[in-house]
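Take a look at the structure below.
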Amino acid sequence: MFTMNDKWILFSYSIPAVNAKARMRIWRRISATGAVQLKTGLQILPNRDDRLENITWLIGEVQALGGEALAIQCSRVEGMADSQIEHLFQAQIDPEFTQIQAETREIMAAAPQEQPPDWRKEQGVALRKLRKRCESLRERDFFPSGAAAKTLAVLDAAGEKLRNPEVPADPQPRFDRSNYLGRTWVTRAQPYIDRLTCSWLIRRFIDPQATLRFLQPDEVAMAGEIPFDMTGAEFTHQGELITFEVMTRGFGLLDPSVLKIGELVQCIDVQEGALSDDAALLKTLLDGLIALSTDDYQLLERALLLFDALHAGFKKSIKGEPQ
């Protein structure tokens, strides 16, 4: 969605037709990078160091086979908006996530009324293989539409059903929003990406009239207040899930645009390795808002507008509308 200098890698190659096996091998290697075909013989990838390294190796392979290959870094493709190109990537990979969801549901639909230990063990292995496929796909999910997050939620629900057959096979809200209306939510002062986006979830999807309060180091939550993203809180990190993910799953907020924001939040909050372009730009914007704000409450109001705009932009992008 965001434009940056030299956002794309264009890759074109040709191999002598007599070497059919080599042509197929190179095609598989290109597919494994997550490239999308723009035109016959012309592939496109987001300009990332790891993908550029993949393409550099492919150029060497093609040339060693007596073929020709060329890669060009560019900021835009004439005749196509960035959002249209991003939609091509989503259209290529999202059906694979949908297939994993379908296979997961098939496994759970075939569950016998009484699940013997051997059956649970066998299906547990099958679910782990599906999760591994999902994680592998995420490495090529350059412009997340929310499909990956929904797939993980389906896998989590299926895994929970194996452990506890009484729970539903599809993710269901754990919390009734009506029990959280007219409440005060509290979190630690100097909020950053997870606490600010959770505040946005609260105001936009749980209770528009909610009061939000930031606690100083010597303060504690008062009786009746709801702590979040704090030690001991019900709404806080759980295993590998950040607080934003705990809240979206807990309240059944599976809007693809919200899930897409959650993937950026997770990327920034955990920050293992280099950030994606979208996450890096969101972090820069948030850091700028922090620098411009005089206190946490002013920052909150500005951040709400930022996440509103991001959510609206993602909704437009997911629908495939031109930017």
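For the stretch 34-57, filtering for residues that are more than 20 Å from the chain's Cα centre (by Cα), open to solvent by less than 50 Å² (accessible area, probe 1.4 Å) and under 20 Å from S136 (Cβ atoms) leaves 2. In the stretch 85-114, the residues that are surrounded by 15 or more Cβ atoms within 10 Å (Cβ to Cβ) reach residues that are among the acidic types (D, E) and modelled with pLDDT of 90 or more with C-beta atoms within less than 7 angstrom, at least six apart or across chains, in these pairs: I93/D141.
With the structure loaded, tell me whether I15 is buried (at least 18 other Cβ atoms within 10 Å of the Cβ) and within 23 Å of I85 (Cβ to Cβ) or whether it fails that test. Criteria not met by I15. Scanning the stretch 226-251 for residues that are loosely packed, with under 15 Cβ neighbours inside 10 Å and not polar (S, T, N, Q) gives G232, E234, G239, E240. Restricting attention to the stretch 118-163, the residues that are under 11 Å from D94 (Cα atoms), assigned to a loop (DSSP other than H, G, I, E, B) and open to solvent by 30 Å² or more (accessible area, probe 1.4 Å) total 1. Given the criteria open to solvent by less than 50 Å² (accessible area, probe 1.4 Å), over 30 Å from R140 (Cβ atoms) and not in a strand (DSSP E or B), does R204 qualify? For R204, the condition - open to solvent by less than 50 Å² (accessible area, probe 1.4 Å), over 30 Å from R140 (Cβ atoms) and not in a strand (DSSP E or B) - is not met. If only residues of the stretch 147-170 that are charged (D, E, K, R) and within 15 Å of G252 (Cα to Cα) are counted, the one that is modelled with the highest pLDDT is K150. Screening the stretch 207-222 for residues that are open to solvent by less than 70 Å² (accessible area, probe 1.4 Å) and assigned to a loop (DSSP other than H, G, I, E, B) and picking the one that is modelled with the lowest pLDDT gives A221. Among the residues of the stretch 223-255, the ones that are assigned to a loop (DSSP other than H, G, I, E, B) and not polar (S, T, N, Q) come to 17 in all.
The values are calculated or read from the model by the stated rules, or taken from the named source; none is laboratory data. These figures come from a predicted structure and were not determined experimentally. Using ideal geometry, Cβ is built from the backbone for each residue, glycine included, and neighbour counts are taken over all protein chains shown. The area values use the complete protein model at the heavy-atom level, side chains included, leaving out ligands, DNA and RNA. Shrake-Rupley method; radii C 1.70, N 1.55, O 1.52, S 1.80 Å.
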